[in-house]
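Take a look at the structure set out below.
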Amino acid sequence: MFSGIQPTGDLHLGNLLGAVRWWVEDQRQGETFYCVVDLHALTEPGDPAELRPATLTMATWLLAAGLDPDGCTLFLQSQVPAHTQLTWLLECTASMGELRRMTQFKDKAARHGEESARVGLFTYPVLMAADILLYDADQVPVGDDQRQHLELTRELARRFNARYGPTFVVPEAAIRPPGRGNRIMDLQEPNDKMSKSSVSPQGTIYLLDDPVTIERKVKRAVTDPDDGPDAVRYDPVTKPGVSNLLEILASVQGRRPQDVAGDYTRYGPLKADLAAAVISLVEPIQAAYLKWTQDPGAVSSVLRAGAERADQVARVTLARASDAVGLVLPS
Ligand code: TRP
């Protein structure tokens with residue numbers, strides 16, 4: 001199993017419920033690799049002085065959330081050179097046309113104009129394919145928004161295997177069914193995913209938020225006009241605000257949002273229970289985070305051991321792929 005997360009610094013509730021919580025749960029299912037994808041962060045403008053702390057902060061949160069260095073391999077993408085090396089071989093496998101069809105590229109390039117978009121933004125999905133294929137991953141837990149990139153990864157693996165002989169395992173997307181945290185939306189803009197780049201900071205709950213802040217953000221979450229006794233209904237299309245609250249509470253409680261809706265008639269009690277549930281979910285993670293931050297040497301040594309293990313596996317796959325395309329391996 002392989003998965004990756006962007007080095008956005010502080011973890012938010014959407015990251016936790018949609019991804020990291022499942023990584024923690026699955027970390028002992030065979031050999032598992034979890035990666036902070038710091039090279040992917042270079043595909044868009046950013047401040048170099050912020051990247052390093054944001055990367056280490058994200059790694060610290062992953063440990064605080066329960067990734068166990070004895071149960072999985074946690075590492076930084078840039079510390080394993082095979083990721084960029086395999087990317088070249090896969091860039092010579094992918095076509096311009098298929099990369100141009102990636103909706104994430106289209107969206108992001110459209111925002112600032114394609115002319116000035118970084119070439120790395122265009123080839124982003126190829127680096128992601130290299131991440132996955134280096135570890136012979138058969139399961140890749142990703143959010144719904146990464147489905148197209150995973151389909152491309154599968155296509156590149158199949159094409160490479162057909163052209164050069166069996167080299168890569170063709171991975172499967174492990175996308176959770178609805179109601180399992182893969183649709184956590186912004187509390188202020190419930191049609192957008194909860195994200196760090198949200199326009200309103202009130203729409204995103206960070207794991208570092210104190211209880212008062214969490215309560216305030218939940219209380220001010222937009223709902224839809226209260227239309228009487230059955231105002232609390234799960235219907236993401238016509239009632240995106242309240243459906244998101246139900247989705248979050250259901251995800252914390254391990255239930256279906258439709259079932260949670262049955263417990264409430266008004267928004268007030270739903271919000272109160274939601275705030276309490278989120279606070280008790282994040283409290284132990286916050287405590288663990290503070291512990292890890294007091295020992296930055298411990299985080300570095302986890303990452304060092306992780307990069308070493310990842311490198312051992314990745315260099316074997318890279319050699320197999322280099323050999324297959326006809327490169328002369330160092331003797
Ligand atoms: N692109 C993913 C995202 O934005 C992060 C990522 C990079 C990833 N490489 C990966 C996820 C490999 C899964 C597997 O969420």
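Rule-based calculations on the coordinates, nothing more; no lab input. In this text, all values refer to a predicted model and were calculated from it rather than measured experimentally. Backbone-built Cβ (ideal geometry, glycine too); neighbour counts: all protein chains shown.
Structure data summary
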quantity	calculated
Equivalent-ellipsoid semi-axes of segment 201-290, from the Cα gyration tensor, Å, largest first	24, 14, 10
Positive-pole candidate from Gln148, Pro166, Asn182, dipole of segment 135-188, charges at beta carbon	Pro166
Residues whose placed amide H lies under 5 Å from that of Asp186, excluding near-sequence neighbours	Asp192, Lys193, Met194
Footprinting exposure proxy for Ser200, Ser331 (fewest neighbouring C-beta atoms within 10 Å first)	Ser331, Ser200
Using alpha-carbon coordinates, inclination of helix 119-133 to the longest axis of the chain, degrees	80 degrees
Proportion of all alpha-carbon pairs of the chain beyond 28 Å (%)	45 percent
Proxy reagent accessibility, fewest Cβ within 10 Å first, across Ile5, Ile175	Ile175, Ile5
Spatially close lysines, pair count over the chain: Cα under 16 Å, gap of eight or more or interchain	8
Cβ charges +1 (Lys, Arg) and -1 (Asp, Glu), total dipole of the chain, debye	360 debye
Cα-based Rg of segment 126-209 normalised by 2.2 N^0.38 Å, two decimals	1.41
Student exercise, segment 201-290 dipole from Lys, Arg, Asp, Glu Cβ charges, in Debye to nearest 20	100 debye
Value at 222 nm in deg cm²/dmol, rounded to 500, when DSSP H runs of n ≥ 4 in the chain each add -39,500 (n - 2.57)	-16000 deg cm²/dmol
Radius of gyration and maximum dimension Dmax of segment 21-103, Cα, Å	15.5, 42
Segment 26-164: translational diffusion in µm²/s, Stokes-Einstein, Kirkwood Rh over Cα pairs, 10 °C, 1.306 mPa s	98 µm²/s
Alpha-carbon radius of gyration plus Dmax, which is the widest Cα pair, for segment 84-242 in Å	20.0, 64
Cα-projected label distance for Arg158 with Asp224, points at 7 Å along beta-carbon direction, nm	3.8 nm
